[in-house]
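K.L.:
Take this structure, written in structure tokens, and hold onto it; I'll ask about it next.
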Amino acid sequence: MKKPSTIGKKHVEDVGRALNQLLKKQPINDFSDPVIKTVNYITSLFPKVQSVSTKYEQMNPDEHADLTLVVKNGKRINVELFLIKGKATIQPKNLGAKSFLEKYFKSKELQVVFNEYMNQKYCVLQVKSL
């Protein structure tokens, strides 16, 4: 199983590559469905994007937003792909979320159901968190 940080990094990099391909009028259908949905959501919010960079293109990635978009008027927009909104306290793919029902409520069966549901809905929650 891949570490969540590795999965998150790959997603950020793939979204950045897909956005850049789209800006060059190249197809993005070779990317995963969550990447395509994320790109479509971002472009629906910011249709005048001129350039995109990821935090992994910077010297200190942890000091930057996941993506930085530059729109036609030159304005820079920072986008966090894994932002928790509102009063949320647990990220869906957080390792603690994958075991808390079993640990705290002693319900292995409920934990399995929860994990399966979260795995199925992850891409939808991820896009909504933008």
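K.L.:
Can you give me the number of residues within the range 5-20 that are of a type in the set (A, V, I, L, M) and under 9 Å from the mean Cα position of the chain (by Cα)?
P.N.:
The qualifying residues number 2.
K.L.:
While we're here: Can you tell me how many residues within the range 29-45 are crowded, with 17+ Cβ neighbours inside 10 Å and either more than 18 Å from the chain's Cα centre (by Cα) or not in a helix (DSSP H, G or I) (or both)?
P.N.:
1
K.L.:
Quick check, is residue 6 without any contact (Cβ under 8 Å) to a residue 60 or more places away in the chain, crowded, with 16+ Cβ neighbours inside 10 Å and among the hydroxyl-bearing types (Ser, Thr, Tyr)?
P.N.:
no
K.L.:
Something else now. What single numbered condition from (1) assigned to a helix (DSSP H, G or I); (2) at pLDDT 90 or above fails to hold for residue 52?
P.N.:
Status for residue 52: all satisfied but (1).
K.L.:
Follow-up question, since we're still on this one. Taking the range 21-39 as the region of interest, how many residues are under 20 Å from residue 7 (Cα atoms) and without any contact (Cβ under 8 Å) to a residue 40 or more places away in the chain?
P.N.:
Count: 8.
The values are calculated or read from the model by the stated rules, or taken from the named source; none is laboratory data. Every value quoted in this text rests on a predicted model; they were computed, and no experiment measured them. In this analysis, Cβ positions are derived from the backbone assuming ideal geometry, glycine residues included, and neighbour counts consider all displayed protein chains.
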